[in-house]
Each structure stands twice: as structure tokens, then as C-alpha cells.
Amino acid sequence: MHRNLIILAGGASSRMKKQTSFKGLSDEEIEQANKRSKGLIGVGPNGRPLMDYLLYNVKLAGYKKVYIIISEQGELFKKFYGNSDKDNDFHGLDISFAIQYIPAGRAKPFGTADAVFQAVEQYPELNEDYYTVCNSDNLYSSEALFALRATSSQNAFISYDRDTMEFSSERISRFALAKLDETNHLLDIVEKPSQKEVHNYRDIEGKLRVSMNAFKFNGSAIYSYLKNCPVHPERNEKELPTVFLNMLKDYPNEAIGIPFSEHVPDLTAKEDIVAVKEYLNKHYSKLSWD
């Protein structure tokens with residue numbers, strides 16, 4: 001089983017920085033939401049960030065080498081997780097940082113596929129191994145993260161039951177749906193299907209499945225698809241689902257969806273801060289690293 005994990009933390013956090021009429025936040029929380037990367041917002045006791053809890057589950061799942069992709073202004077990550085560019089020890093995890101540089105002529109990062117491509121260019125050893133990729137602003141369970149290590153499939157993603165997500169129906173309706181065959185091999189990822197179309201995407205268990213950007217990749221097989229990822233015509237970014245689907249055009253049945261039914265706490269907008277804090281108080285009263 002592989003022990004490498006890449007965490008996406010170089011995004012612009014545009015939705016988090018938007019103004020809100022929500023009244024349940026302190027001035028400090030609002031300031032952090034406007035200035036920090038989402039994974040560094042202090043949602044835990046003593047102001048510790050969400051990233052602590054993600055890394056805790058990462059360690060429980062058996063990962064060892066963690067590569068955090070940060071922006072060129074991401075120095076705050078080093079104050080929390082190690083001053084060196086490479087091989088910082090954080091509770092037994094070996095943490096290194098990759099930088100997602102913004103290309104000339106752009107104001108924002110070029111998307112998740114670009115982030116991973118820049119990371120594997122900076123750490124080419126990843127191209128000779130398997131690795132997991134996940135977001136910094138989602139709290140994936142240790143069980144889901146371990147499932148990505150344990151699967152025998154060359155490539156995989158966690159395929160979440162949409163009905164177990166504790167989000168508003170309006171928010172859930174924006175999630176793209178994964179189309180799987182009867183053996184859970186990925187066939188397609190469909191953005192915003194109409195209500196009339198939704199029933200066409202139920203899996204063998206009758207569930208609607210969504211991705212929360214938790215992937216396992218075969219580094220050598222996925223490299224060229226990362227390098228040559230086209231730009232999404234509407235969002236003007238290079239995205240990991242596009243990489244996945246382009247690879248499957250050439251190599252069908254090379255990726256599976258691992259079914260999971262659980263909530264995934266998410267920090268997308270300011271209103272999420274209160275809900276995540278409540279979740280942590282309920283489920284993570286103390287982190288026992290040893």
C-alpha cells in the first residue's frame with residue numbers, strides 16, 4: 001500500500017472571502033476567513049486549524065509522506081507544520097511543501113489538476129509511485145483515506161452517497177454525479193444533471209454518488225494526463241475530474257468508485273465555520289497523536 005498523500009491548499013478561497021449576512025461569527029473568525037487558506041481557519045480548541053484534524057485522520061489511515069500544495073503566499077502553513085521546505089516532522093508525519101505558481105497573465109491559480117502537476121514536477125519521485133490526493137478544506141474520515149490506500153485498483157476515488165451529506169438540498173444539487181457501472185468502475189462525471197435526468201445515474205445499490213475530490217492515482221499512468229489537461233471552458237481552470245475522464249478514454253476500467261456513506265465536513269463559505277466547529281466538538285473532543 002502506498003503512503004504518499006497530496007493535500008490541495010493553494011486555491012484562492014474565493015467563496016470563503018465573499019461577504020455574508022451570517023451573524024454567528026466572531027470578528028477574528030471573519031478576519032481569518034478573509035485572509036487565510038481555508039484549511040488554516042481556527043475551528044478547533046485553542047484556535048488550531050481544520051488541517052490538524054485532517055492530518056490526524058491521515059496518520060490514522062497509515063500515510064507517512066504528506067505533500068501540502070500551497071500558494072506563493074502560503075508561508076503561514078510553515079508556521080503550523082514546519083519551517084523547512086521538505087521533510088518536516090509533525091507528530092510522525094513527514095511533511096513537505098509544494099508551491100502552486102500562478103502563470104503569467106492570470107490572477108488566480110490554474111485549478112486542481114495544475115496544482116497536482118506542479119507538485120509532481122517539484123517531487124518527481126511521486127511519478128514512480130501511487131499517491132492519494134485530497135482537499136485541505138474537507139475532513140475525510142480515516143476509514144475513507146485508508147480505503148484509498150487499500151484498494152487494488154490502479155486509480156480510484158471515494159464515491160459518496162449523496163443522501164448522507166448533511167448539506168442543504170440546494171447545495172447538494174450543485175454536486176456533480178458519478179456514473180458507475182455494476183462493478184463500480186467509473187464511466188463518467190456529470191455536472192448539474194436536471195432533476196429528470198438524475199435517476200439515470202443511480203448505482204447498483206440505487207444510490208446517487210458524488211466525488212469530494214479524494215482520489216488515488218498511479219503516478220506514472222496519470223502524469224501525461226496531468227501535463228496535458230485541457231482548460232475547462234466555463235471555469236477556465238484545469239481540473240482533476242477532467243484528468244480522470246481523459247485517462248479513462250484511453251484506459252477504460254482503470255478507475256473505481258469506492259462506495260462510502262458518511263458526511264464530509266466542508267469549509268467552503270463563512271457560514272460553514274460554525275457547523276464545522278460543532279462537528280469537531282461532537283466527534284473530536286481530543287486528538288491523541290501517540
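The values are calculated or read from the model by the stated rules, or taken from the named source; none is laboratory data. All values derive from a computational prediction rather than experimental measurement. Ideal geometry is used to build each Cβ from the backbone, glycine not excepted, and the neighbour counts take in all protein chains shown.
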*Would you pick out the residues in the range 35-92 that are among the basic types (K, R), part of a loop (DSSP other than H, G, I, E, B) and closer than 25 Å to A275 by Cβ?*
R36, R48
*asked:* Is it the case, given these coordinates, that A107 is more than 18 Å from K86 (Cα to Cα), out of contact with any Phe, Trp or Tyr (no Cβ under 7 Å at 6 or more places or on another chain), of a type in the set (G, A, S) and outside any helix (DSSP H, G or I)?
replied: yes
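Yes/no matrix, rows are residues, columns are (1) farther than 20 Å from V243 by Cβ; (2) aromatic (F, W, Y); (3) in contact with a helix residue (DSSP H, G or I) (Cβ under 7 Å, 6 or more places away or on another chain); (4) surrounded by fewer than 19 Cβ atoms within 10 Å (Cβ to Cβ):
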| residue | (1), (2), (3), (4) |
| --- | --- |
| T112 | no, no, yes, no |
| Q118 | no, no, no, no |
| Q122 | no, no, no, yes |
| N127 | no, no, yes, yes |
| T132 | no, no, yes, no |
| N138 | no, no, no, no |
| L148 | no, no, no, no |
| A156 | no, no, yes, no |
| D161 | yes, no, no, yes |
*Can you tell me which residues in the range 126-164 are part of a loop (DSSP other than H, G, I, E, B) and either among the small types (G, A, S) or closer than 18 Å to H2 by Cβ (or both)?*
D129, S136, Y140, S141, T151, S152, S153, Q154
*Could you please let me know if F217 is part of a strand (DSSP E or B) and either surrounded by 13 or more Cβ atoms within 10 Å (Cβ to Cβ) or free of Cβ contacts under 8 Å to residues at least 40 places away in the same chain (or both)?*
yes
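Looking at this structure, is S13 of a type in the set (S, T, Y), under 15 Å from the mean Cα position of the chain (by Cα) and modelled with pLDDT under 95?
Taking the combined requirement at face value, the residue satisfies it.
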*Search the range 136-151 for residues that are farther than 19 Å from H185 by Cβ and pair each with any residue that is among the basic types (K, R) and part of a loop (DSSP other than H, G, I, E, B) when their beta-carbon atoms are under 8 Å apart and the residues are at least 6 apart or on different chains.*
R149/R3
*Out of the range 177-214, which residues are among the aliphatic types (A, V, I, L, M), under 21 Å from the mean Cα position of the chain (by Cα) and in a loop (DSSP other than H, G, I, E, B)?*
none
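Report the residue count in the range 44-76 for those that are closer than 20 Å to S288 by Cα and either at pLDDT 95 or above or of a type in the set (K, R) (or both).
Adding up the residues that qualify gives 19.
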